[in-house]
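Student: Dropping a structure here in structure tokens format, bear with me for questions.
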Amino acid sequence: MSVFTLLLIGLFLPLFPLSMVFNYLLERFSHPLLRIGLLLCWPQMGVALFFLLGEELPGWVLLWAALTALLYGFRLITQRDVNGWVGFLATSAWSLLWFPLLANGEQALLMADALGFSIPLTLIALLAVGLEQRFGAAYTHLYGGLASIMPRFSGLLVFSTLAAIATPVFPTFFTMLHMLLLASPFIAVLMLLTWLSWSWAGVRLLQGLLVGPEQQAGQVSDLQSGLSWAFALILAVLALAGLLVTGGLA
């Protein structure tokens with residue numbers, strides 16, 4: 001694989017420091033639709049480019065990818081901006097897609113894996129818009145008690161976060177298991193540390209928004225029921241997809 005090709009794919013399946021381009025764009029795109037499009041399309045372009053160019057992948061890229069995932073996994077723990085949190089987790093997760101690429105995975109399955117990581121992150125990004133509209137900013141530990149004053153929002157945030165950090169029964173969990181099996185023992189340890197950092201960061205995100213004293217309880221409205229059902233349906237489809245993957249492994 002040529003250096004240009006490697007860097008081009010590494011832009012969309014993020015390798016540090018190329019990963020800074022995606023995070024810069026996500027920060028600059030203030031419109032929700034632009035953020036959603038970026039989250040859904042960015043890794044798909046990386047997978048498509050790999051199969052379009054059809055060049056052999058050097059094995060040492062996997063260490064680069066694993067270290068990128070670990071770097072952003074640990075940065076995720078201290079991130080208070082919800083949109084920044086989404087960007088760091090996306091970067092960390094998408095960089096691991098180099099592992100099924102090296103294992104000659106099918107293009108459709110790799111795109112499905114990328115979509116499995118992207119969809120929960122788009123839901124969290126949309127929920128962040130709700131926070132910005134109600135509070136003026138989407139930061140953890142800036143306001144609390146949302147579990148009491150916005151129960152529908154809080155429930156959807158919890159399950160979207162669980163899906164994003166690869167917990168059972170969501171497809172991301174089985175994608176992570178598959179990639180662990182493809183890795184060498186040393187790199188598998190790096191991936192496990194990355195996965196652990198996601199869980200830690202997820203707990204901190206939820207703790208910083210959902211618990212604590214109620215604030216502005218009389219002034220803040222919950223998500224509309226129709227929108228809540230739409231979010232819940234997407235999460236249910238993801239959970240069902242995870243159960244289907246489980247059945248396929250049995």
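Student: Open to solvent by less than 50 Å² (accessible area, probe 1.4 Å), assigned to a loop (DSSP other than H, G, I, E, B) and either modelled with pLDDT of 90 or more or more than 26 Å from LEU34 (Cβ to Cβ) (or both): does that describe GLY155?
Tutor: For GLY155, the condition - open to solvent by less than 50 Å² (accessible area, probe 1.4 Å), assigned to a loop (DSSP other than H, G, I, E, B) and either modelled with pLDDT of 90 or more or more than 26 Å from LEU34 (Cβ to Cβ) (or both) - is not met.
Student: Continuing with the same structure: Give the residue, chosen from LEU11, LEU33, that is closer than 27 Å to TYR143 by Cβ, out of contact with any strand residue (DSSP E or B) (no Cβ under 6 Å at 6 or more places or on another chain) and without any contact (Cβ under 8 Å) to a residue 40 or more places away in the chain.
Tutor: Unique residue meeting the criteria: LEU33.
Student: What residue, of PHE186, PHE231, is part of a helix (DSSP H, G or I), more than 19 Å from ILE119 (Cα to Cα) and among the aromatic types (Phe, Trp, Tyr)?
Tutor: Within the list PHE186, PHE231, the selection yields PHE186.
Student: Hey, another quick one. Would you check if there is a residue in the range 112-119 being open to solvent by 10 Å² or more (accessible area, probe 1.4 Å) and more than 14 Å from the chain's Cα centre (by Cα)?
Tutor: No, that holds for no residue.
Student: Which condition from (1) more than 20 Å from THR175 (Cα to Cα); (2) among the polar types (S, T, N, Q); (3) open to solvent by less than 10 Å² (accessible area, probe 1.4 Å) is the one that SER30 breaks?
Tutor: The one condition SER30 does not meet is (3).
Student: Go through (1) touching a residue at least 60 places away in the same chain (Cβ under 8 Å); (2) open to solvent by less than 30 Å² (accessible area, probe 1.4 Å); (3) β-branched (Val, Ile, Thr) and name the single condition ILE124 misses.
Tutor: ILE124 satisfies every listed condition except (1).
Student: Among the helices (runs of 4 or more DSSP H) contained in the range 51-116, which hold 2 or more residues that are farther than 19 Å from PHE22 by Cα?
Tutor: Working: elements: 61-77, 82-95, 98-102.
Result: 61-77, 98-102.
The values are calculated or read from the model by the stated rules, or taken from the named source; none is laboratory data. Remember, it's a predicted structure, so these values are computed and weren't measured experimentally. No Cβ is skipped: glycine too gets one built from the backbone with ideal geometry, and neighbour counts run over all protein chains shown. Only protein heavy atoms, including side chains, enter the accessible area calculation; ligands, DNA and RNA are left aside. Shrake-Rupley method; radii C 1.70, N 1.55, O 1.52, S 1.80 Å.
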